[in-house]
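For reference, the structure discussed in these notes is given below.
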Amino acid sequence: MDYNKELDREEKVDPEETPDGEEITEEICQGDRKFDLVLDILCVHSDKDLRAGL
Amino acid sequence: MDYIQSFCSDIGSKRKTNQDSLALLKAETAYGDILLAVMCDGMGGHSEGELASKFCVTEMADWFRNAFPDILYAGVGPAALKNDWKHLLEDVNLLLFRYGEKYHSQLGSTMTACLFWGSQYFCVHVGDSRMYEISDEVLQVTRDHSWVEQEIAKGNLTREEAEHDRRRNILLECMGITDSVSMDFYTGEIIPDTVYLLCTDGFWHCQKPGEMKQLCRGETIHSNKELQDILENLVDMALDRGEKDNISVIGVVPKPDKETADGLQ
């Protein structure tokens, strides 16, 4: 869900404050990059972390 | 496209651990719902089979959460997806291999993953887990990376002989066993009311296509609970037939928008 947090922050950017002055509409920020996880199931049977063991 | 989805995983009648891992993720996007199903069958002693399959599904799930949105909204299409998956699986394979080297053990996992995106599905496959497409016919989408499958292709073994051959568990390709991995990609059109199954060998060893077709009738499935009941029934049949291995299956039934009755959420 971190990705959505990034989007939330992006949506609050004031179009007039963008570095290059390009007008970013709310439609581009909100509608076009919608990615809401509505199902996130992992069925696993180990409590080990492989990356931590490397 | 809406999706009905469910899964079932059983330790089986003889094993002390369940080395199968699976993931099921779905996102609402500007292009409609997109679903990722991942099935992995781990192998290795001292709990390392569970770890190997867990690592494969969690890495693929992380990719869906964090990397896929950029592919989706970059407008680059399926070619980028294939390239991304190739690099992802190569990286996952290498980390598994290095872990095995570090701890002087061999651990590995199969991986069959399918992304249901727009009007098409995209499947990446290593090992002998399988993807089936069930409508009027039972179509095996993936081809096993196994010794018996190779011998069938060469004409040295019939499919019936392969079912009972003691070498049927020998894999020719697997995640984590060597420092490189080859994978197959499959794509196809998503057909509403078709039942797509991803399963480990413990599931498909004991299934008969006719029975799968009779039970998996997508047009009669209208909820996750109904699909769940069917998957549990199929797993129970495998148990009744004496399957000793872990038994896992994911089911996905695409439906035209707004036809699903409930959510597994």
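The values are calculated or read from the model by the stated rules, or taken from the named source; none is laboratory data. If you're wondering where the values come from, they're calculated on a predicted model, not measured in any experiment. In this analysis, Cβ positions are derived from the backbone assuming ideal geometry, glycine residues included, and neighbour counts consider all displayed protein chains. These accessible areas exclude ligands, DNA and RNA; they are computed on the full protein's heavy atoms, side chains included. Shrake-Rupley method; radii C 1.70, N 1.55, O 1.52, S 1.80 Å.
Miscellaneous remarks
- Single condition A:LEU50 does not satisfy, out of (1) among the aliphatic types (A, V, I, L, M); (2) closer than 29 Å to B:GLN5 by Cβ; (3) at pLDDT below 50: (3)
- Some residue of region B:37-57 being more than 9 Å from chain A (Cβ to nearest Cβ), within 19 Å of the chain's Cα centre (by Cα) and in a helix (DSSP H, G or I): yes
- Residue check for B:GLU232: at pLDDT 95 or above and farther than 21 Å from B:LEU22 by Cα: no
- Of the residues in region B:87-108, none is under 30 Å from B:LEU227 (Cα atoms), at pLDDT below 95 and open to solvent by 10 Å² or more (accessible area, probe 1.4 Å).
- Residues located in region B:205-243, provided they are surrounded by fewer than 15 Cβ atoms within 10 Å (Cβ to Cβ) and of a type in the set (Ser, Thr, Tyr): B:THR220
- Under the condition of being charged (D, E, K, R), assigned to a helix (DSSP H, G or I) and over 14 Å from the mean Cα position of the chain (by Cα), the residues counted in region B:180-217 number 2.
- Selection of strands (runs of 3 or more DSSP E) fully inside region B:111-179 by the criterion of at least 1 residues being surrounded by fewer than 17 Cβ atoms within 10 Å (Cβ to Cβ) returns B:120-126, B:138-140.
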